[in-house]
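Everything on this sheet refers to the single structure shown next.
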Amino acid sequence: MAGQFTAYRSSALQANLQPAQWENPSDPKDYRIKEGAVWINVANGIPGKEKSWDWTNKIVWKVITADIETILAGWVEKDGTKSISLFHKDQNEVNNTLRIQPGSNNTYALYFNKGDIKVPIYLSKGQWIVFCKLLSDSYADIIGWRLTKDESGPNF
């Protein structure tokens, strides 16, 4: 799947879908799936340079199904008025956090933190709704519901 959700202001966000894949695509009887994810890259702007971002110090966030569930349930359950927090550890055991905070004037702030790197992303209400819709729509691709090997389906 191609396409990228982007948001650029004083910092930048790029989100891409990595759909689920077959564990063993060459075996027509092996229906084990490796789950996909939505990958988010965020970077701060470079001071004094318009439309330039510090991608060398970016934060990469792997959005998994549990994250999508937390974001969407939190947004609906809290009526978009309270913050939502997510916590991950990367392969080096560095703590990563994402806090989503509704702001004033129908805006949303996404605060990404990884060690000493902090990147705030600000979305309009429209961007936030589109972002949530894309996360919701990506769920089926992440868990592999749209994968096919042949027309006969799994041979159980």
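The values are calculated or read from the model by the stated rules, or taken from the named source; none is laboratory data. Keep in mind that what you see is a predicted model, and the values were worked out from it rather than measured. In this analysis, Cβ positions are derived from the backbone assuming ideal geometry, glycine residues included, and neighbour counts consider all displayed protein chains.
For Tyr108, the criteria (1) modelled with pLDDT under 90; (2) surrounded by 15 or more Cβ atoms within 10 Å (Cβ to Cβ) hold in every case but one, which is (1). Apart from one condition, Val119 fits all of (1) assigned to a strand (DSSP E or B); (2) β-branched (Val, Ile, Thr); (3) under 25 Å from Ile143 (Cα atoms); the exception is (3).
Of the residues making up the stretch 62-70, at least one is surrounded by fewer than 12 Cβ atoms within 10 Å (Cβ to Cβ), out of contact with any Phe, Trp or Tyr (no Cβ under 8 Å at 6 or more places or on another chain) and not hydroxyl-bearing (Ser, Thr, Tyr). When Lys82 is tested against the conditions (1) assigned to a strand (DSSP E or B); (2) closer than 21 Å to Lys125 by Cα, the lone failure is (1). What number of residues within the stretch 84-94 are polar (S, T, N, Q) and either within 17 Å of Val63 (Cβ to Cβ) or at pLDDT 90 or above (or both)? Final tally of qualifying residues: 2. Candidates in the stretch 95-105 are the residues that are out of contact with any Lys or Arg (no Cβ under 9 Å at 6 or more places or on another chain) and at pLDDT below 90; of these, the one that is nearest to Ala66 (Cα to Cα) is Gly103. Just give me the residues in the stretch 29-48 being of a type outside the set (A, V, I, L, M, F, W, C) and part of a strand (DSSP E or B), in sequence order. Of everything in the stretch 29-48, those that are of a type outside the set (A, V, I, L, M, F, W, C) and part of a strand (DSSP E or B) turn out to be Lys34, Asn41, Asn44, Gly45. Taking the stretch 98-129 as the range and being over 19 Å from Gln14 (Cβ atoms) and among the β-branched types (Val, Ile, Thr) as the test, only Thr107 passes.
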